[in-house]
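Written out below as structure tokens is the structure these notes cover.
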Amino acid sequence: MEARATLRYARISPRKVQIVLDLIRNQDADKAMAILRFTPKAACELLEKLLKSAIANAENNHSMDVSKLYVAEALVGPGPILKRIRPKDHGRAHRILKRTSHITLVLRERED
């Protein structure tokens, strides 16, 4: 039995999210929440909200025991890239890539 939550089209680069996901992968849900709350990264705010959603899905939709939950899978992939132009000197233009992410968290119960 597993519970999942996804966040699509998040306006943050997948590389920045991946750093934080590596910290919480295979951690208990309450420990992962503490890590997200005290890590000073931009992705933590989004991931904390996503983890709360996954815990609520586990409790309400799948009747899982919240105290036994752990982060089984934490995935991030690239979403669509917003392409913008920045004017540069001598009439040139440089491209700015505003990257987006699709993030998935999967929670499972520990087998004790």
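The values are calculated or read from the model by the stated rules, or taken from the named source; none is laboratory data. These numbers were taken from a predicted model, which means no experiment stands behind them. Glycine gets a Cβ as well: all are built from the backbone with ideal geometry, and neighbour counts include every protein chain shown. With ligands, DNA and RNA removed, areas are computed over all heavy atoms of the protein, side chains included. Shrake-Rupley method; radii C 1.70, N 1.55, O 1.52, S 1.80 Å.
Structure summary
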{"read-out": "Rg ratio (alpha-carbon, reference 2.2 N^0.38 Å) - segment 56-112", "value": "2.05"}
{"read-out": "Of K16/K41; K41/K68; K49/K83; K16/K68; K31/K68, pairs whose Cα-Cα distance is over 19 Å", "value": "K41/K68; K49/K83; K16/K68"}
{"read-out": "Accessible surface of the chain [probe 1.4 Å, protein heavy atoms]: carbon and sulfur percent", "value": "48 percent"}
{"read-out": "Peptides ranked, highest mean first, by Cβ atoms within 10 Å: ranges 86-95, 66-75, 38-47", "value": "66-75, 38-47, 86-95"}
{"read-out": "Per-residue ³J(HN,Hα) for segment 99-112, Karplus 6.51 cos²θ - 1.76 cosθ + 1.60, θ = phi - 60°, Hz, x for Gly and Pro", "value": "7, 10, 9, 10, 10, 10, 10, 10, 10, 10, 8, 6, 8, 9"}
{"read-out": "Rg in Å to one decimal, and Dmax rounded to a whole Å, for segment 28-74 via C-alpha atoms", "value": "10.8, 33"}
{"read-out": "Estimated FRET transfer efficiency (V66, R86; beta-carbon r; R0 35 Å; 0.05)", "value": "0.15"}
{"read-out": "Where the chain is the region considered: accessible area per residue in Å², 1.4 Å probe", "value": "65 Å²"}
{"read-out": "Calculated log₁₀ intensity ratio I(q)/I(0) where the Debye formula runs over C-alpha points of the chain, q = 0.14, 0.18 Å⁻¹", "value": "-0.58, -0.83"}
{"read-out": "Of L69, V106, G91, farthest towards positive along the dipole that unit charges on Lys, Arg, Asp, Glu beta carbons give segment 59-112", "value": "G91"}
{"read-out": "Cα centroid separation, segment 9-49 to segment 50-93 (Å)", "value": "9 Å"}
